Amino acid sequence: MTEHLIVNDLMPNTEMQNYKTLIDEQTWAFIHKTDSCFPPEAIDFTIQLQRETYDAMCREFSTGQPESITATDGTIENGDYKVPVRRYHSENRNQQRAIIYFHGGGFIVGSLDSHDDVCTELCANTGFDVTSVDYRLAPENPHPAAFEDSLACVEYESNRLRLPIILCGDSAGGNLAAAISHAARHMQNVHIARQVLIYPGLGGDTDSGSYLTHANAPMLTTRDVLFYNDTRTNNIQRSNDVTLEPLKDHDFSNLPETIVFGAECDPLSDDGKHYCQAITAAGGSAHWTNEKGLVHGYLRARNTVDRARDSFSRIIAAIKTVGNSTGE
């Protein structure tokens, strides 16, 4: 069951959420398994320990790679830096479009390996070539390093593939995909046909809406979001920087078809809603689905939790169905 943009589903900000009611047993099992691998207090670990712990958690949830998919590693130049990428090809190749994927991880954790199985399944289920981008991480490389790496990869892959591009990413990766969509409006030879954003953080007001009602949600809290934001920017305030926070843009026109999948039990939920509202108000095509009872990071539950499996099917449809932004 899903809720769409036209539905006013969120409770008033003063009401706290009853997660025992909102979240089903399967999802709780996923949460408990995640917490056993990457505990809530990991936010207070050193950055290196966070990365090691996150990578170990992702390996625990990994489903491997089918024989029908071939993956090859390479690099794309961004100035003096070579951005690692992994390219996926299917035996049943569909050359209508190609996917460029940006992994989540709060801009401080995550890699080609952490989301390898996600990219594999996207390739297997759509037939589209997938390029996964291993952008530089903070705090060693604060903003705008990740954005610049990602933009360089999109420009290069667009010229190499000469296909309409679907930008896709989860969490931090959804932020990068959206920021690139805004920047690509002014670039020649880059055709972004669609962006599919999965529980993205887009720079919403952290003192209102879902940031309050879901401030202490399982899997991601508002405190976590603030930590990641501060680490990404090295605690330097960057107001009205669209490459950092796409919701701060003053122009939402001429953006590609936009499909956003939010998790109901997530402080970032409202970001997707407000982003789609802004695009729609500017005359564009945008569709927001708020997945009932799901939590941040539910992509890793797509093979064990019915609600997450259903959502992943909708994500695949949104990516694959040419000319239908809702995937329905």
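What follows draws every value from the coordinates through simple rules; no lab data is involved. Just so you know, these numbers come straight off a predicted model, no measurement behind them. Note: ideal-geometry Cβ built from the backbone for every residue, glycine included; neighbour counts use all protein chains shown.
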**Q.** Restricting the range 66-95 to trypsin sites (Lys or Arg not before Pro) in coil, as DSSP defines it, with at most 16 other Cβ within 10 Å
**A.** ARG93
Q: Tell me what the chain gives for mean residue ellipticity at 222 nm when only DSSP H runs of n ≥ 4 count, each as -39,500 (n - 2.57), the sum divided by the residue total, rounded to 500 deg cm²/dmol.
A: -11000 deg cm²/dmol
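Which value results for Rg/Rh of the range 50-91 when Rg is the Cα radius of gyration and Rh the Kirkwood radius based on the inverse mean 1/r?
1.10
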Q: Report relative contact order for the chain in percent, whole number only (criteria: Cα-Cα under 8 Å, sequence separation at least 6).
A: 19 percent
Q: Hand me the GluC sites (Glu not before Pro) from the range 68-152 located in a DSSP loop with no more than 16 other Cβ atoms within 10 Å, in residue order please.
A: GLU91, GLU140
**Q.** Estimated vicinal HN-Hα couplings, Hz - the range 115-128 in sequence order (Karplus 6.51, -1.76, 1.60; Gly, Pro = x)
**A.** 10, 4, 6, 4, 5, 4, 6, 4, 5, 5, 8, 10, x, 6
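Neighbour counts of other C-beta atoms within 10 Å: give me ASP55, ASP44 arranged from fewest to most.
Lowest to highest Cβ neighbour count: ASP44, ASP55.
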Q: State, in angstrom, two size descriptors of the range 209-328 derived from its alpha carbons: Rg to one decimal place and Dmax to the nearest whole number.
A: 15.4, 42
Q. What ³J(HN,Hα) values, in whole Hz, does the Karplus curve 6.51 cos²θ - 1.76 cosθ + 1.60 give for the range 293-302 when θ = phi - 60°, with x put for Gly and Pro?
A. x, 9, 10, 4, x, 5, 4, 5, 9, 5
Q: For LEU294, list long-range residues whose amide hydrogen, built 1.01 Å from N in the peptide plane, is under 5 Å from its own amide hydrogen.
A: GLU264, CYS265
Q) Given that compact globular proteins tend to follow 2.2 N^0.38 Å, what is the ratio of the alpha-carbon Rg of the chain to that value? A) 0.91
Q | Amide H partners (placed H, <5 Å) of ILE76, local residues excluded | A | VAL83, VAL85
